[in-house]
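*Asks:* To start, I am sharing the structure in question, which I have written as structure tokens.
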Amino acid sequence: MRILVINGSPKGSRSNSYKLAKAFLEGMKSGLGEAGHRDETLVDEIDVNRMDISPCLGCFSCWNKTPGKCCIQDEMQTVIEKLLWADVTIWCFPLYYFSVPGKLKTLIDRQLPMVLPFMSEREDQIGNGSHPSRYDMSGKRTVVISTCGFYTAEGNYDGVCSLFDHMCGKDQYTAIFCGQGELFRVPELSARTNEYLEFVRQAGAEYVNRGIREATQAQLKRLLYPREVFESMADASWGIDKESGKKETEALIFTRQMAALYRREAYSGKDQVLEMYYTDFDECYQIVLGREGSQVYPDCSKAATTRIETPFTVWRSIAAGEMRGDEALMKKLYKVKGDFNLMLNWDNYFGSARQEAADKSKQKEQSGEIHIPPKGTNMNMMLLPWIVFWVAVSINGYVGSLLSIGACVLAPLLFYQCKKTLYDTLTGVLVTCFSIAVLCGAAERIVVPLAYLAFGIMWTATCFGKIPLTAHYSMNHYNGESALQNPLFIKTNWILTLMWGILYFITPIWTYFIMGTEISGLTGAINSLLPIFMGIFTAWFQKWYPAKVARGE
Ligand SMILES: Cc1cc2nc3c(=O)[nH]c(=O)nc-3n(C[C@H](O)[C@H](O)[C@H](O)COP(=O)(O)O)c2cc1C
């Protein structure tokens, strides 16, 4: 397949529209590769603004004096040759005044030698009158890709559609029109724009096979950001105060754009004041996150809920995805003072693509559409067999062991919707082995302390690996598996896992003694007291420790 890309943006390879065209082309190539055509794919590109193409003189000499040849000696003849060579032509350009940019229009006008002078009737009823093609263009296909500056492409491409309807015939070309085009050059928003580009890539692959699927087309029509978010970001990007017309500093522009990303859905019922202090610029701004939206205050007169002290460069790198926020925090590149919850729920407040996807699946669930919930882990699946064993076996060895084996079978059934961890499986094996030992006549006074010891070893051993045991379970509350990449989350869980591990390492000591007394039946109950306090401590520590690190202490 021979593919010609005509880039009509004055920005050349820096063009937003060209980014989409490139993604589409990549998709086409991979689609052709899957279908076994890779060797035959040839691509040529035209950067319209670098070409010497003069405006049409309107002399019609290409029709009468030198049929098929223009009298102007410039590079348009090469363009025509390429257009005749290509099986698929991708026209990509920005929307300029609801039409194509001037130089591209010049190129389009100069296609006159490609048609014959005679009048003919159009079969598709587009407009009144046309000229037949000088060449056999049957089988050639056209793709039109364009970005525009307004929040939506809807209603802004009537002129462009009319032009291509006349050029190619109605429904005879494939179009991708995307609003909010300038966002494609903002690295801070690459999570969303890359997601869109991925759908463009997919569209390219589908295009060369069975055609772009409806689901993909729907994704391509989705706004990059909601209108109000985009418009406040766009307004802020100019760095000019709307009221006074004064120029704003880089840090203020950045803060306003960050504020524009605030998701009202995340409102916690109480206004929050996020204070940004840029240490290298000595500039301080507050963003009030309210029910109706966010508001930036260039003075810091309100009481801050959360204050971030950071060099501007660091925060910008984090926002652009060049640096992980959690890693930078661990390295003490910035500090967070006050309420740390806002940081823990950052994605929720400042709209990431992931959060939007989560919201969407929630909406689907509410509207009764089939929804497969993402599987999370559940620590209770692991704890249940152990607790049954410790409590029941210390009361009655025989019955307790049978109950424990039952718990091992029951736990995976009870928690069938949850994701099983290695420790859930290991629990099943260990508790069953200890129960069988008791059933075979081993003394409970030995087996029960050994079970505590095994439990303690299981926890402590994970502290020598990459992911401490508690992290496998608490990640559910911190954006799932992505939390496992967060060094602060891992460190917090490492400390907690070690503390629990030590507790169960020493529990066998007093367990052995208690089980030698008359109150041995209460061993399980007594041994549950300390974990209750540890549980309360854990809940507190999980919040306190990251906040302490964030304060830079
Ligand atoms: C001269 C000019 C005219 C424009 N006219 C429109 C327009 O009519 N409608 C619109 O939505 N955006 C308009 N825009 C914005 C561009 O379409 C938008 O910035 C686009 O993403 C640029 O794409 P590019 O990077 O591929 O050149 C205009 C921009 C310029 C410079």
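*Asks:* Take every Cα-Cα distance within region 379-550, group them into 5 Å bins from 0 onward, and report for each bin the whole-number percent of pairs it holds.
*Replies:* 1, 9, 17, 20, 19, 15, 10, 6, 3, 1, 0
*Asks:* Just from its helices, what would the mean residue ellipticity at 222 nm be for the chain, if runs of 4 or more DSSP H residues each count -39500 (n - 2.57) and the sum is divided by every residue, rounded to the nearest 500 deg cm²/dmol? Each step should come with its number before you reach the end.
*Replies:* On the way: 20 runs with 266 residues, N = 553.
So the helix-based figure for the chain works out to -15500 deg cm²/dmol.
*Asks:* Just how much of Cys440 is accessible, in Å², when a 1.4 Å probe is used and the result is rounded to the nearest 10?
*Replies:* That residue has around 110 Å² of solvent-accessible surface.
*Asks:* Let me ask something else. Note down the net charge around Asp124, summing +1 for each Lys or Arg and -1 for each Asp or Glu among other residues with Cβ under 14 Å from its Cβ.
*Replies:* -2
*Asks:* How far is the Cα center of region 153-220 from the Cα center of region 46-105, in Å?
*Replies:* Rounded to whole Å, the Cα centres lie 23 Å apart.
*Asks:* Once neighbouring chains are kept in place and the probe is 1.4 Å, which whole percent of the accessible area of region 229-349 is contributed by carbon and sulfur?
*Replies:* Working: 2960 of 6100 Å².
About 49 percent, which is the carbon plus sulfur part of the accessible surface.
*Asks:* With a point put 7 Å past each Cα toward its Cβ, work out how far Phe60 is from Val409 in nm, to one decimal.
*Replies:* It works out to 9.4 nm between the two label points.
*Asks:* Enter the accessible area per residue of the chain (Å², integer; probe 1.4 Å; all protein chains in place). Write out the running numbers ahead of the final one.
*Replies:* Values: 28410 Å² over 553 residues.
For the chain, the solvent-accessible area averages 51 Å² per residue.
*Asks:* Tell me the carbon and sulfur percent of the accessible area for region 379-550, rounded to whole percent, probe radius 1.4 Å. Display every interim value, and only then the final one.
*Replies:* Working: 6150 of 8330 Å².
That fraction is 74 percent.
*Asks:* Now for a separate question. Using the alpha-carbon atoms, what tilt in degrees (0 to 90, nearest 10) does helix 422-439 show relative to the longest principal axis of the chain?
*Replies:* Approximately 20 degrees, to the nearest ten.
*Asks:* How long is the gain from Ile126 to Asn341 if the chain were fully straight, where each residue apart is worth 0.36 nm and the alpha carbon distance is subtracted?
*Replies:* 71.4 nm
*Asks:* Now, a different point. Just add up the charged neighbours of Cys62: K/R +1, D/E -1, any other residue whose Cβ is under 12 Å from the Cβ of Cys62.
*Replies:* On the way: positive: Lys65, Lys69, Arg110, Arg134; negative: Asp109.
Summing Lys and Arg as +1 and Asp and Glu as -1 gives +3.
*Asks:* Return the distance in nm (one decimal) between the two label points of a simple spin-label model at Met51 and Leu522, each offset 7 Å from Cα along Cα→Cβ.
*Replies:* 9.2 nm
*Asks:* Sticking with this structure for a sec: With everything on Cα atoms, drop me the angle between helix 190-207 and the longest principal axis of the chain, reported from 0 to 90° to the nearest 10.
*Replies:* 60 degrees
The values are calculated or read from the model by the stated rules, or taken from the named source; none is laboratory data. On a predicted model such as this, the values are computed, not experimentally measured, just so you know. Note: ideal-geometry Cβ built from the backbone for every residue, glycine included; neighbour counts use all protein chains shown. Each accessible area value is taken on the protein alone, full model and side chains, heavy atoms only, with ligands, DNA and RNA left out. Shrake-Rupley method; radii C 1.70, N 1.55, O 1.52, S 1.80 Å.
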